Amino acid sequence: MNDKNSDKSGIATINGAQVYYEVMGTGQPLLLVHAGVADSRMWDAQVDAFSKDYQVIRFDLRGFGRSNMPPGPFSNHEDVRGLLDFLQLKPVSVVGISFGGLIALDFALAYPDYVLALILGAPSVSGAAPSERIKRFWEEEEKALDRGDLEGATELNLRLWVDGPHRTPQQVSPVVRDQVQEMQMAIFRKEIPDDVDELALVPAATGRLGEVDIPVQVMIGELDLEEKHMLVDRLVREIAGSQKAVIRGAAHMLNMEQAEVFNRSVLEFLSEI
């Protein structure tokens, strides 16, 4: 913990990228890692609640929000380490949603001395095979982007990751839908160099879940994809002592749809450890 970093924001040069970050509150550090359809704004409903008792760090992954994407190879979990080193904050508890959950888990495996606890919301897992539904989604998204149809590609993401398989767009909070739409459109409008190369964790997390020996809470929205539920159940089986929490009335963006329930669950889990 380093209280001198309380309540500030800025741009840090991390492994050649300009990474936007915010630090709020004092106490044990709590790092928030956003989903792949969003940026650090997805945590707006968490920051005030968490920073009452914790020193909360949120940031934009490179290529998202206010962080740039320089050319060349990079690794998201290495950027996480670089940011924490820059802020002189460790060890931390880490909350990650979806793609952010993948990064959080990779980071915990690569740098176990940096992580006290993990909260993984509907996470992806590096090395895990995608479902046929996800493969079809990627193909449709790529076709839309190749046509220059950013609105269409964004709507595909909203239907899968916000609405989920059990609801129509009209059954979802328009506020949440509009927030994710704004963030996803901003991602698609980002200028990405042709020679960017994202380096994966080696070996991947999918075969290393048994190595995780810190407190872990795995969360899933009741209305999320079936394959996400299956993956969460696998994590709970293979990570010794991990806990599962189901958020009723939410799909994939569980922290945005059911913020109060999500916040309470996270804070209760952290208080127990």
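The values are calculated or read from the model by the stated rules, or taken from the named source; none is laboratory data. Note that the coordinates shown come from a computational prediction; the quantities given were computed from them, not determined experimentally. So basically every Cβ, Gly included, is an ideal-geometry build from the backbone, and we count neighbours across all protein chains shown. For the accessible areas, the whole protein counts, side chains as well, though only heavy atoms, and no ligand, DNA or RNA atoms are used. Shrake-Rupley method; radii C 1.70, N 1.55, O 1.52, S 1.80 Å.
A search for C-beta distances below 7 Å between a residue of the stretch 228-240 that is at pLDDT 95 or above and outside any loop (DSSP other than H, G, I, E, B) and any residue that is among the hydroxyl-bearing types (Ser, Thr, Tyr) and surrounded by fewer than 21 Cβ atoms within 10 Å (Cβ to Cβ), counting only pairs 6+ apart in sequence or on different chains, returns Leu235/Ser242; Val236/Ser242. The residues in the stretch 207-226 that are under 18 Å from Val246 (Cβ atoms) and either more than 17 Å from the chain's Cα centre (by Cα) or polar (S, T, N, Q) (or both) can be counted, and the count is 4. Here the condition is being part of a loop (DSSP other than H, G, I, E, B), charged (D, E, K, R) and either within 23 Å of Ile247 (Cα to Cα) or open to solvent by less than 60 Å² (accessible area, probe 1.4 Å) (or both); of Arg167, Arg177, Arg159, Arg133, it holds for Arg167 alone. The C-beta contact set for the stretch 114-133 (first residue under 14 Å from Ala204 (Cα atoms) and of a type in the set (S, T, N, Q), second residue assigned to a loop (DSSP other than H, G, I, E, B) and open to solvent by 50 Å² or more (accessible area, probe 1.4 Å), distance under 8 angstrom, 6+ apart or interchain) comprises Ser126/Ala200.
The residue pairs whose first member lies in the stretch 246-273 and is at pLDDT 95 or above and acidic (Asp, Glu), whose second member is part of a helix (DSSP H, G or I) and open to solvent by 20 Å² or more (accessible area, probe 1.4 Å), and whose beta carbons are closer than 9 Å, counting only pairs six or more residues apart or on different chains, are Glu260/Ala45; Glu260/Ala49.
Only one of these is over 27 Å from Val92 (Cβ atoms) and surrounded by 14 or more Cβ atoms within 10 Å (Cβ to Cβ): Val218, Val212, Val172. Name it. Show your work before the answer.
Details: Val218 fails: over 27 Å from Val92 (Cβ atoms); Val212 fails: over 27 Å from Val92 (Cβ atoms).
Every option except Val172 fails the conditions.
Applying the set (1) surrounded by fewer than 21 Cβ atoms within 10 Å (Cβ to Cβ); (2) over 16 Å from Ala104 (Cα atoms); (3) modelled with pLDDT of 95 or more to Glu191 leaves exactly one unmet item: (3). Residue pairs whose Cβ atoms lie under 6 Å apart, sitting 6 or more positions apart in sequence or on different chains, and linking a residue in the stretch 18-30 that is of a type outside the set (A, V, I, L, M, F, W, C) to a partner that is buried (at least 18 other Cβ atoms within 10 Å of the Cβ) and modelled with pLDDT under 95, do not occur here. The sole residue among Glu191, Glu139, Glu151, Glu198 that is of a type outside the set (Gly, Ala, Ser) and free of Cβ contacts under 8 Å to residues at least 12 places away in the same chain is Glu139. Screening the stretch 50-74 for residues that are in a loop (DSSP other than H, G, I, E, B) and of a type in the set (S, T, N, Q) and picking the one that is nearest to Asp194 (Cα to Cα) gives Asn68. Quick check on my filter: what residues within the stretch 19-30 are open to solvent by 10 Å² or more (accessible area, probe 1.4 Å), outside any loop (DSSP other than H, G, I, E, B) and more than 13 Å from Val80 (Cα to Cα)? Residues satisfying the conditions are Glu22, Met24, Gln28. Here the condition is being free of Cβ contacts under 8 Å to residues at least 40 places away in the same chain and crowded, with 24+ Cβ neighbours inside 10 Å; of Val33, Val56, it holds for Val56 alone. A count restricted to the stretch 75-125 and to residues that are in contact with a strand residue (DSSP E or B) (Cβ under 8 Å, 6 or more places away or on another chain), assigned to a helix (DSSP H, G or I) and not hydrophobic (A, V, I, L, M, F, W, C) stands at 6.
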